[in-house]
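Chemist: Quick one: structure below, then a few questions.
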Amino acid sequence: MGAERPGTTGLFTLKDYEEAAKARFDQGSWDFIAGGAGQERTLAANLAAFDRVRLRPRVLSGSGAPDTRTTVLGRSWPVPIAVAPMAYHTLADPEGEVATARAAGRAGLPLVVSTFAGRTFESIAEAAGAPLWLQVYCFRDRSTTRQLVERAERAGFEALVLTVDAPRLGRRLRDLRNDFRLPDGMVPANLTGGDYASPSAHALTEFDPALDWSVIDWLREISSLPVLVKGVLSGADARAALRAGVDGIVVSNHGGRQLDGVPATLDVLAEITAAVGGVCPVLVDGGIRRGADVLAALALGADAVLLGRPVLHGLAVGGENGAAHLLELITEELVEAMALTGTPSVAEAGPALVGAEPEATPAPGAVRTTPAAGLRKAELHGSVSDPVLDTMNFLNEITTRYPRAISFAPGRPYDGFFDVEQIFTHLRRYLDHLEAQGASPGQVRSALFQYGPTSGQIRELIADSLRKDENTDIAPESVVVTVGCQEAMFLAVRALISGPEDVLLVSSPCYVGITGAARLLDVTPTAVAERESGFDCADLEAAVLAERARGRRPRAFYVIPDHSNPSGTTMPLQTRLDLLDLAQRHDILVLEDSPYRMVSPGQQLPTLKSLDRHRRVVQLGSLSKTLFPGARVGYVVADQTVVDADGRTGLLADELAKIKSMITVNTSAVSQAVVAGMLLAADCRTSELNSETAAYYGDAMRVTLEELAKQFPAAEREALGVRWNEPTGGFFLSLTVPFLADNAALIRSAEEFGVIWTPMSYFYPDGGGEHAVRLSVSYLTHREIADGTERLAHFIKSQSRTARD
Ligand SMILES: Cc1cc2nc3c(=O)[nH]c(=O)nc-3n(C[C@H](O)[C@H](O)[C@H](O)COP(=O)(O)O)c2cc1C
């Protein structure tokens, strides 16, 4: 090796290498290297966490040429970067780890050699020009592990890195689908016997699944080398590792290849470095693709980073030279990032670099706060680590990362309807209305500037609009004005679910707002699966009976009856009547959420609330689609009677208001005033205010359906297995595709085809929807819909071919 291969010139970033490398692998091997476990959320999160970082430079710092040297386990490294352990470098280049060792050696960087290296420890050691460490998987048969360790130690390896996140291999769907097997003749060069062709099958039978911290003592018995553990993701485990006497910790989620859904490594790094407190070195890997990423990791307390997949990309593109060039690139980028942020040395990269430390100089005598308290995410409420609460962030991140992509993801109103000046007109109209009703100037002032009634000051107007728009006759006292419909959901779930035996049922697929609100309250909803045709009462009844049989108490069922989010389905009139009857028979409430009804064209079916003869329906109201979302004004209609222990009665709305008083006190008076002004403009007929919007969204849906039909003529649609529903209103439709519509597919769609959508699986509390996507039509112009549909069709056709091959 050493000869210049074609392809290393003209490559300026690690991303360039990734793109160039792809063509050099067969699909199975590429997927084995590139892929992660499950829906690849953690794989994507690793990258996204670094993408989110914004470095904060210090200017005129006089720091001169940056010093990138660092010391790890008593050895000086020229740059705080080493190569992560990866199985079978021979997949990327016939020389495998021997070529990598030479490349890393040229840069003076350590290489962590995998238990499953494709070349012998001796040959790697002979080629190496920098420290070698051995990554250890502990087998059920300890003598195999012992022999590996002894052999590496004899070959001059300097440390052991025990991988602790792999009692078995993660569920790597790409490998399962490809039925991935190592190419003929490729074997782990330092292991004998055994069937290694399928890495996951081998791990299942051979890895020790019952390891505990005593394994560190065992390694100490068989070897004198320092021991690091790789795969720590919490401060609690970092402390346990210190107690077990480790010499170093590698914060890692195995590059998203083990448990999908665990956090990005960057997101837990500060927690772990705080827990370790400098007692031993902390290294981190996962998603590092730029010099700036290395600097961000150092800023959050890492001593060095490990670089994974990119090294294999370098190797595949140009063998030893490719890998060496790639390591040079990231080193140069690090030097540049340090110079441009005024960071003179590795040791001086601190949390202020990533904006994590208060910068104010304390006044003389003032109490100093300690820098970066390092709260542990694992010790915060579980909801903050729940993927449900992250789905929208992920979509936002994708949208920001690919600004030129056309996005069918956001369920937001079309911007073209908003006119800034109108806000003032609406506000003025409401103030005039108050005056006309006899309010004194002082009262008008208070209505705007003061705390207001918790239940809201525009309840009469909302009740009036419900009467005129929806034929629902309710007393204003049964309305609570909320901060958007989201608060209405939170109040309803908080009040109705009083303990672990109470059950919230949700129609599934389901709007994430309700599952998220439930999660905040430690409520796990019971999903009632929709059929292809939509919700069916028989399924709800079966779920209610099943919960009763388990000794639990079904309390409420959440549903969007009109043009549902996400599926776009609408509940027929007869089903509405049956649902109310079922609610009465089984003594449950129905939480009705219907934000799209009034912005849909044509005659709409009556709301559940308007058909409700027994006060079974709690209506969760939103004005975000009908008026504007920036107001954050919604409401809840809760006219149910509540009886206390002394037999006194009140309304559920009163109880909800009590809860609200401790969350938001009252909904913004200014927002209520603007909303009220809008309602007054149309004599409280929201339908009148929305005749133009309903027609616009109706057209958007029609155009989308026409464009889809154009892109997928009937025969082709059939052959591909692509189909979609045809909602008559609302913002969303559901499209079924013949491949896994997961985050990885979404990233490919955004990156290579410039179109973004929402994986339907986000909306299934119990799993499902893996082969469907949600398309939102509300936010785009007709031109964008046409272009976006064309791009989507290209993506679907290409992805279907890949899935078939
Ligand atoms: C193809 C491949 C093979 C890997 N093999 C191993 C291994 O044998 N042992 C191990 O501890 N980690 C292994 N890993 C995980 C890496 O050590 C590292 O944690 C991860 O790749 C870092 O993320 P990055 O690829 O985003 O840089 C492997 C990763 C890849 C991509």
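The values are calculated or read from the model by the stated rules, or taken from the named source; none is laboratory data. Computed from a prediction, not measured in an experiment: that's the story for all the values here. FYI the Cβ positions are ideal-geometry reconstructions off the backbone, even for glycines, and counts take in every protein chain you see.
Chemist: Within segment 587-603, take every residue that is touching a residue at least 60 places away in the same chain (Cβ under 8 Å) and β-branched (Val, Ile, Thr) and give me the one that is surrounded by the fewest Cβ atoms within 10 Å (Cβ to Cβ).
Modeler: Only one residue fits best here, namely ILE588.
Chemist: Scan segment 66-80 and tell me whether some residue there is touching a strand residue (DSSP E or B) at 6+ places or on another chain (Cβ under 9 Å), within 16 Å of the ligand (Cβ to nearest atom) and either more than 15 Å from LEU327 (Cβ to Cβ) or touching a residue at least 24 places away in the same chain (Cβ under 8 Å) (or both).
Modeler: Yes, that holds for at least one residue.
Chemist: For segment 273-290: of the residues being buried (at least 23 other Cβ atoms within 10 Å of the Cβ) and within 16 Å of the ligand (Cβ to nearest atom), which is nearest to GLY245 (Cα to Cα)?
Modeler: VAL282
Chemist: Within segment 142-165, is even one residue charged (D, E, K, R), within 13 Å of the ligand (Cβ to nearest atom) and within 34 Å of the chain's Cα centre (by Cα)?
Modeler: Yes: segment 142-165 contains one or more residues that are charged (D, E, K, R), within 13 Å of the ligand (Cβ to nearest atom) and within 34 Å of the chain's Cα centre (by Cα).
Chemist: Quick one: which of SER234, SER200, SER214, SER223 is over 28 Å from GLU18 (Cβ atoms), hydroxyl-bearing (Ser, Thr, Tyr) and within 29 Å of the chain's Cα centre (by Cα)?
Modeler: The unique qualifying residue is SER234.
Chemist: Considering only segment 732-753, I want to know if a residue exists there that is assigned to a loop (DSSP other than H, G, I, E, B), of a type outside the set (D, E, K, R) and closer than 30 Å to PHE628 by Cβ. Spell out the reasoning first.
Modeler: Of segment 732-753, the ones assigned to a loop (DSSP other than H, G, I, E, B) are 737-742.
Within this subset, residues satisfying the condition of being of a type outside the set (D, E, K, R) are 737-741.
With closer than 30 Å to PHE628 by Cβ added as a condition, the list becomes none.
No, every residue in segment 732-753 fails to be assigned to a loop (DSSP other than H, G, I, E, B), of a type outside the set (D, E, K, R) and closer than 30 Å to PHE628 by Cβ.
Chemist: In the set ALA323, ALA349, ALA299, which member is under 22 Å from LEU47 (Cβ atoms), in contact with a Ser or Thr (Cβ under 6 Å, 6 or more places away or on another chain) and away from the ligand (no atom under 16 Å from the Cβ)?
Modeler: On the way: ALA323 fails: away from the ligand (no atom under 16 Å from the Cβ); ALA299 fails: in contact with a Ser or Thr (Cβ under 6 Å, 6 or more places away or on another chain).
Only one candidate passes the filter, namely ALA349.
Chemist: On to the next question. Restrict the check to segment 596-603 and report whether at least one residue is of a type in the set (A, V, I, L, M, F, W, C) and more than 30 Å from ALA542 (Cβ to Cβ).
Modeler: Yes, segment 596-603 has at least one match.
Chemist: With the condition kept exactly as written, say whether any residue in segment 254-273 is more than 20 Å from the chain's Cα centre (by Cα) and closer than 24 Å to ALA159 by Cα.
Modeler: yes
Chemist: Give me a count of the residues in segment 243-276 that are in contact (Cβ under 8 Å) with a residue 40 or more places away in the chain and either within 18 Å of PRO85 (Cβ to Cβ) or small (Gly, Ala, Ser) (or both).
Modeler: Count: 17.
Chemist: Quick check on this structure: which one of VAL523, VAL506 is under 22 Å from the mean Cα position of the chain (by Cα) and part of a strand (DSSP E or B)?
Modeler: VAL506
Chemist: Is one or more of the residues making up segment 182-202 within 20 Å of GLY255 (Cα to Cα), in the same structural domain as MET86 (by TED's automatic domain parsing), more than 12 Å from the ligand (Cβ to nearest atom) and surrounded by 18 or more Cβ atoms within 10 Å (Cβ to Cβ)?
Modeler: no
Chemist: Further, regarding this structure: Taking the condition of a type in the set (Gly, Ala, Ser), in contact with a Leu (Cβ under 8 Å, 6 or more places away or on another chain) and within 30 Å of VAL480 (Cα to Cα), does ALA681 pass? First the steps, then the outcome.
Modeler: Working: of a type in the set (Gly, Ala, Ser): yes; in contact with a Leu (Cβ under 8 Å, 6 or more places away or on another chain): yes; within 30 Å of VAL480 (Cα to Cα): yes.
Judged against the criteria, ALA681 is a match.
Chemist: Quick check on my filter: what residues within segment 231-246 are of a type in the set (D, E, K, R) and under 11 Å from VAL282 (Cβ atoms)?
Modeler: Within segment 231-246, none qualify.
Chemist: Out of the residues in segment 552-586 that are surrounded by fewer than 21 Cβ atoms within 10 Å (Cβ to Cβ) and in a loop (DSSP other than H, G, I, E, B), which is nearest to the chain's Cα centre (by Cα)?
Modeler: ARG552
Chemist: Checking THR781 against (1) polar (S, T, N, Q); (2) modelled with pLDDT under 95; (3) buried (at least 20 other Cβ atoms within 10 Å of the Cβ), only one condition comes out false. Which one?
Modeler: So THR781 meets the others, but not (3).
Chemist: Just checking: which of the strands (runs of 3 or more DSSP E) contained wholly in segment 626-713 hold 2 or more residues that are more than 35 Å from the chain's Cα centre (by Cα)? Quick ask: steps written out before the conclusion?
Modeler: Numbers: elements: 633-637, 641-643, 649-651.
In segment 626-713, 641-643, 649-651 are the strands (runs of 3 or more DSSP E) which contain 2 or more residues that are more than 35 Å from the chain's Cα centre (by Cα).
Chemist: Can you list the strands (runs of 3 or more DSSP E) found entirely within segment 1-108 that contain at least 2 residues being of a type outside the set (S, T, N, Q) and surrounded by 15 or more Cβ atoms within 10 Å (Cβ to Cβ)?
Modeler: In segment 1-108, the matching strands (runs of 3 or more DSSP E) lie at 81-83.
Chemist: Still on this structure, please answer the following. Failed condition for ALA104, given (1) more than 21 Å from GLU206 (Cβ to Cβ); (2) within 12 Å of the ligand (Cβ to nearest atom), with all others met?
Modeler: If we test ALA104 against (1) more than 21 Å from GLU206 (Cβ to Cβ); (2) within 12 Å of the ligand (Cβ to nearest atom), just (2) comes out false.
So that you can scan it fast, the table gives a plain yes or no per residue for (1) of a type in the set (D, E, K, R); (2) within 15 Å of the ligand (Cβ to nearest atom); (3) surrounded by 15 or more Cβ atoms within 10 Å (Cβ to Cβ); (4) assigned to a helix (DSSP H, G or I):
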{"site": "VAL229", "(1), (2), (3), (4)": "no, yes, yes, no"}
{"site": "ASP237", "(1), (2), (3), (4)": "yes, no, yes, yes"}
{"site": "ALA241", "(1), (2), (3), (4)": "no, no, yes, yes"}
{"site": "GLY245", "(1), (2), (3), (4)": "no, no, no, no"}
{"site": "ASP260", "(1), (2), (3), (4)": "yes, yes, yes, no"}
